[in-house]
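First up is the structure itself, then whatever we jot down about it.
The values are calculated or read from the model by the stated rules, or taken from the named source; none is laboratory data. Note that the structure is a prediction, hence the values are computed from the model and not measured. When we count neighbours, we look across all protein chains shown, and the Cβ atoms used for this are built from the backbone with ideal geometry, even at glycine.
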Amino acid sequence: MGTSHWALLVLGCLVTGPSLILCQLSLPSILPSENERVVQLNSSFSLRCFGESEVSWQYPMSEEENPNVEIRDEENNSGLFVTVLEVVSASAAHTGLYTCYYNHTQLEESEIEGRRIYIYVPDPDVAFVPLGMTDYLVIVEDDDSAIIPCRTTDPETPVTLLGSDGVVHASYDSRQGFNGTFTVGPYICEATVRGKKFQTIPFNVYALKATSELDLEMEALKTVYKAGESIVITCAVFNNEVVDLQWTYPGQVKGKGITMLEETKVPSIKLVYTLMVPEATVKDSGDYECAARQATKEVKEMKKVTISVHEKGFIEIKPNFSPLEAVNLHEVKHFVVDVQAYPPPRIAWLKDNLTLIENLTEITTDIEKIQEIRYRSKLKLIRAKEEDSGHYTIVVQNEDDVKSYTFQLLTQVPSSILDLVDDHHGSNGGQTVRCTAEGTPLPDIEWMICKDIKKCNNETSWTILANNVSNIITEVHPRDRSMVEGQVTFAKVEETIAVRCLAKNLLGVESRELKLVAPTLRSELTVAAAVLVLLVIVIISLIVLVVIWKQKPRYEIRWRVIESISPDGHEYIYVDPMQLPYDSRWEFPRDGLVLGRILGSGAFGKVVEGTAYGLSRSQPVMKVAVKMLKPTARSSEKQALMSELKIMTHLGPHLNIVNLLGACTKSGPIYIITEYCFYGDLVNYLHKNRDSFLSRHPEKPKKELDIFGLNPADESTRSYVILSFENNGDYMDMKQADTTQYVPMLERKEVSKYSDIQRVLYDRPASYKKKSMLDSEVKNLLSDDNSEGLTLLDLLSFTYQVARGMEFLASKNCVHRDLAARNVLLAQGKIVKICDFGLARDIMHDSNYVSKGSTFLPVKWMAPESIFDNLYTTLSDVWSYGILLWEIFSLGGTPYPGMMVDSTFYNKIKSGYRMAKPDHATSEV
């Protein structure tokens, strides 16, 4: 075709851009120039399209579906582009809309704009235009109108729409079909041609949910892959069922990729499209795009992700520091290394080619994942020490690569003088002074001298000692990279002088002085010094002996019986146990008692197993526990044991108290005979049965190891609980911590009155009555002695029984003062019995007791008023009972795990520090 002004115009438009903003073309023309045309069956017809640019046809059937359609281009002398569509032997399938359009207007998917003509090919045997199976599915959004596309081959054919309830009235257009609002269900189009009735197969109308906007989310499990791995990407559409989703990705042309669709409707509609590219190669790297489009509305949404595929794994290390780093002594410093790696790497730190131990407190490492393949590792020096100097290496490795980076760390230490000594040379009067100093960088040594001893306090009396002056020689000898020794030698010292050594480096200066005495004065000073030293040693020895004697602990019974309260309610007067009477009916003949093995031994006494003959009428032979002092006991300790005996006779029997059975107080050492508790103390019982309890409750984690001190965590990571018993930890509100006020007992007179002190008589032994005591109350609570292991019911039973025993003591105005699991024994039938086991415990070497003066106190079990004000009441026993509950439900753990009893501990208790609820305690407990 020859070049003309039309061709140049078109060329100019195309160069301007595909959008043709600067050059608008008129619509193509079609011959014949009609809106519609009726063509006879089996006849031929042709349509010509003229345009100012290249044009194409859109028609009802493609060439593959109907070979009777032929399209060809024709040359035209007018300079226009001409395309001819010719149909040979027209059939009913050729009925439809024919559109001629410019090629360049269809760069994006949109409705074709061009010139149109509608062709009818009436067929008496085919009333309706043939449709594909998908055309019989009509999708309706909510209450929108829809088209049932039953188009006729003859525009004059009348059509009726039939629904499930009969004829449906709707607007009909032979080019489109029925247009209206339809309910869900099947519809049939019916037509009559030359007396013959035709019906379509049912059109099924479905109502689907669609939104005005597409909620599209794209997710790639990974964006970096290694050759051979499968790429998996998902696109999810929410709250929309009318969606067409298309994938675009590098391997699409080769048909590489598997797509899947998963639909869920609960709790909301969600369509998940998955693309999987198996055995990815480097060529599969690129942009992966999913484009969603509503099937009934012009709403689009697109998401894209970039995928990179590597031939093998890789590692890149980017340290944020230099190969040589310096840090000041006690400085906190972090060394950060950025790592890019795939597959995920393993990162380790070495110091001088040895792996750093993870639980170091002064040097820690951590690894943080920043992004998919980006990691950040930190080496933290909490308080740099001199020994932290060395070569540090980070090693990063995965299955395909290994990379490392090493840097040298120098800890800069201020100068310090380690030693300053003099060495005299005998009778000739010469002396040498040696000064040993350390520091990093290596310190310089300078010497100063003061010849007038009386004025050496004045700095102006000191002069710098020049190097190698007459009769004085100075030398410097480095020992290693951080230590140096300097010395100055005086040929002769005729009078007393002062010598000062100065050690200097960039971080500081330190000095030390000594006096050089002339040989004539040295001997006199030596004799005087020896006498003085001997005298000091004697005095110190006497002081130490006195202190040791005063601090030696003395045995005392912890239990106290309150006699009265001071008017202000803050002071308590206790009964003097020695003033209580002792009933000789408790005496038991020594020859009826056979002692056995030692059950417990302490600094003051012991408890042994014994067999009593004739102690009980119902049990001629009875196993008992006998408490006694050691042969070395002092008179004060014998008096304390006797006081304990009198208090036990005063209290009387109770099921949950270790009851008195008898005593031997005459013709020999004092024996207190009590009930024998088969299982020993509660804390050891909990330890022994801990594994069986955890096996019954496997959901409990093993982090309670921390409670036993096996792996104590940092205090800063622990939780604390407030009085509201919330699970998250905190401090109690203790605003009055500095001036703590405790509730005076006078204010509680209405709720707590102390009973009169009076002697209690009961039959001996107490075990005669124990089966009848509280039988109805504890029958269902006491654990079965035959039950295996330890259960939660056992723990609850222990807590209840201890509470009953403490309730009994309180009713007798008795304050225990040392309530803890170690002072609770367990008898047969798992009956809990409260006791004071201090006599048979070496409290001087027991970590649970802290020395205070001449006594040892169980500080972790004591209430604040007992610790700080030496105030013991039944309320302070309630506090100790709470600590005991913690012991029980932590299966014998030590309270305040990981904490030392020091000033920090006391301050925290004042400030409201409380332990977290133990793992095995329920919220109700």
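Does Tyr225 qualify as being part of a strand (DSSP E or B), aromatic (Phe, Trp, Tyr) and either out of contact with any His (no Cβ under 8 Å at 6 or more places or on another chain) or not assigned by the TED database to the domain that holds Ser285 (or both)?
On the way: part of a strand (DSSP E or B): yes; aromatic (Phe, Trp, Tyr): yes; either out of contact with any His (no Cβ under 8 Å at 6 or more places or on another chain) or not assigned by the TED database to the domain that holds Ser285 (or both): no.
Considered against the rule, which asks whether it is part of a strand (DSSP E or B), aromatic (Phe, Trp, Tyr) and either out of contact with any His (no Cβ under 8 Å at 6 or more places or on another chain) or not assigned by the TED database to the domain that holds Ser285 (or both), Tyr225 comes out as no.
Out of all the residues in region 287-302, is one or more among the polar types (S, T, N, Q), out of contact with any Leu (no Cβ under 6 Å at 6 or more places or on another chain) and not in a strand (DSSP E or B)? Checking region 287-302: at least one residue is among the polar types (S, T, N, Q), out of contact with any Leu (no Cβ under 6 Å at 6 or more places or on another chain) and not in a strand (DSSP E or B). Against the numbered list (1) surrounded by fewer than 17 Cβ atoms within 10 Å (Cβ to Cβ); (2) in contact with a Lys or Arg (Cβ under 6 Å, 6 or more places away or on another chain), Gly255 comes up short only at (2).
Candidates in region 480-494 are the residues that are in a loop (DSSP other than H, G, I, E, B) and in contact (Cβ under 8 Å) with a residue 12 or more places away in the chain; of these, the one that is surrounded by the fewest Cβ atoms within 10 Å (Cβ to Cβ) is Glu494.
Does Leu360 satisfy the condition of being among the aliphatic types (A, V, I, L, M) and in contact with a strand residue (DSSP E or B) (Cβ under 6 Å, 6 or more places away or on another chain)? Spell out the reasoning first.
Working: among the aliphatic types (A, V, I, L, M): yes; in contact with a strand residue (DSSP E or B) (Cβ under 6 Å, 6 or more places away or on another chain): no.
No; evaluated as a whole, the condition is false for this residue.
Quick check: is even one residue across region 70-85 within 23 Å of Arg116 (Cβ to Cβ), loosely packed, with under 11 Cβ neighbours inside 10 Å and at pLDDT 90 or above? Scanning region 70-85 turns up at least one residue that is within 23 Å of Arg116 (Cβ to Cβ), loosely packed, with under 11 Cβ neighbours inside 10 Å and at pLDDT 90 or above.
Among Val824, Val832, Val815, which is surrounded by 21 or more Cβ atoms within 10 Å (Cβ to Cβ), of a type outside the set (S, T, N, Q) and at pLDDT 95 or above? Give the steps one after another, and end with the answer.
Working: Val824 fails: at pLDDT 95 or above; Val815 fails: at pLDDT 95 or above.
After applying the criteria, what remains is Val832.
Yes or no: Val266 outside any strand (DSSP E or B) and among the hydrophobic types (A, V, I, L, M, F, W, C)? Criteria met by Val266. Residues in region 596-623 that are closer than 16 Å to Pro669 by Cβ and surrounded by 13 or more Cβ atoms within 10 Å (Cβ to Cβ): Ser601, Gly602, Phe604, Gly605, Lys606, Val607, Val608, Gly610.
Of the residues contained in region 450-458, one or more are found to be at negative phi, in a strand (DSSP E or B) and surrounded by 13 or more Cβ atoms within 10 Å (Cβ to Cβ). Exactly one residue among Lys318, Lys304 is under 27 Å from Ile370 (Cβ atoms), assigned by the TED database to the domain that holds Leu221 and of a type in the set (D, E, K, R), and that residue is Lys304.
From the list Thr181, Thr153, Thr192, Thr160, pick out the single residue that is under 24 Å from Asp123 (Cβ atoms), in contact (Cβ under 8 Å) with a residue 12 or more places away in the chain and out of contact with any Pro (no Cβ under 8 Å at 6 or more places or on another chain).
Among Thr181, Thr153, Thr192, Thr160, only Thr160 is under 24 Å from Asp123 (Cβ atoms), in contact (Cβ under 8 Å) with a residue 12 or more places away in the chain and out of contact with any Pro (no Cβ under 8 Å at 6 or more places or on another chain).
The conditions are (1) within 29 Å of Ala503 (Cα to Cα); (2) at pLDDT below 90, and Asn428 fails exactly one of them. Which is it? For Asn428, the failing item is (1). Hey, could you check region 265-317 for residues that are of a type in the set (Lys, Arg) and at pLDDT 90 or above and say which is nearest to Ala236 (Cα to Cα)? Top of the filtered list is Lys303. Scanning region 869-925 for residues being part of a loop (DSSP other than H, G, I, E, B), over 18 Å from Ala821 (Cβ atoms) and of a type in the set (Ser, Thr, Tyr) gives a total of 5.
Every condition in (1) assigned to a loop (DSSP other than H, G, I, E, B); (2) over 25 Å from Ala207 (Cβ atoms); (3) free of Cβ contacts under 8 Å to residues at least 40 places away in the same chain; (4) not small (Gly, Ala, Ser) is met by Lys283 except one, and the failing one is (1). Of everything listed in (1) closer than 23 Å to Gly652 by Cα; (2) of a type outside the set (Val, Ile, Thr); (3) modelled with pLDDT of 75 or more; (4) surrounded by 12 or more Cβ atoms within 10 Å (Cβ to Cβ), the single unmet condition for Arg558 is (3).
Here are Lys265, Lys254, Lys270: which of them is without any contact (Cβ under 8 Å) to a residue 12 or more places away in the chain, closer than 24 Å to Leu137 by Cβ and charged (D, E, K, R)? Steps first, please.
Values: Lys254 fails: closer than 24 Å to Leu137 by Cβ; Lys270 fails: without any contact (Cβ under 8 Å) to a residue 12 or more places away in the chain.
Sole residue among the options that is without any contact (Cβ under 8 Å) to a residue 12 or more places away in the chain, closer than 24 Å to Leu137 by Cβ and charged (D, E, K, R): Lys265.
Just checking, does region 160-169 include any residue being under 30 Å from Arg48 (Cα atoms), of a type outside the set (Ser, Thr, Tyr) and out of contact with any Asp or Glu (no Cβ under 7 Å at 6 or more places or on another chain)? Give the steps one after another, and end with the answer.
Of the residues in region 160-169, the ones under 30 Å from Arg48 (Cα atoms) are none.
No, region 160-169 contains no residue that is under 30 Å from Arg48 (Cα atoms), of a type outside the set (Ser, Thr, Tyr) and out of contact with any Asp or Glu (no Cβ under 7 Å at 6 or more places or on another chain).
Of all residues in region 344-366, those that are under 30 Å from Thr223 (Cα atoms) and either surrounded by 15 or more Cβ atoms within 10 Å (Cβ to Cβ) or in contact (Cβ under 8 Å) with a residue 60 or more places away in the chain (or both) total 5. Among the numbered conditions (1) touching a helix residue (DSSP H, G or I) at 6+ places or on another chain (Cβ under 8 Å); (2) farther than 26 Å from Pro343 by Cβ, the only one that Val309 does not meet is (2).
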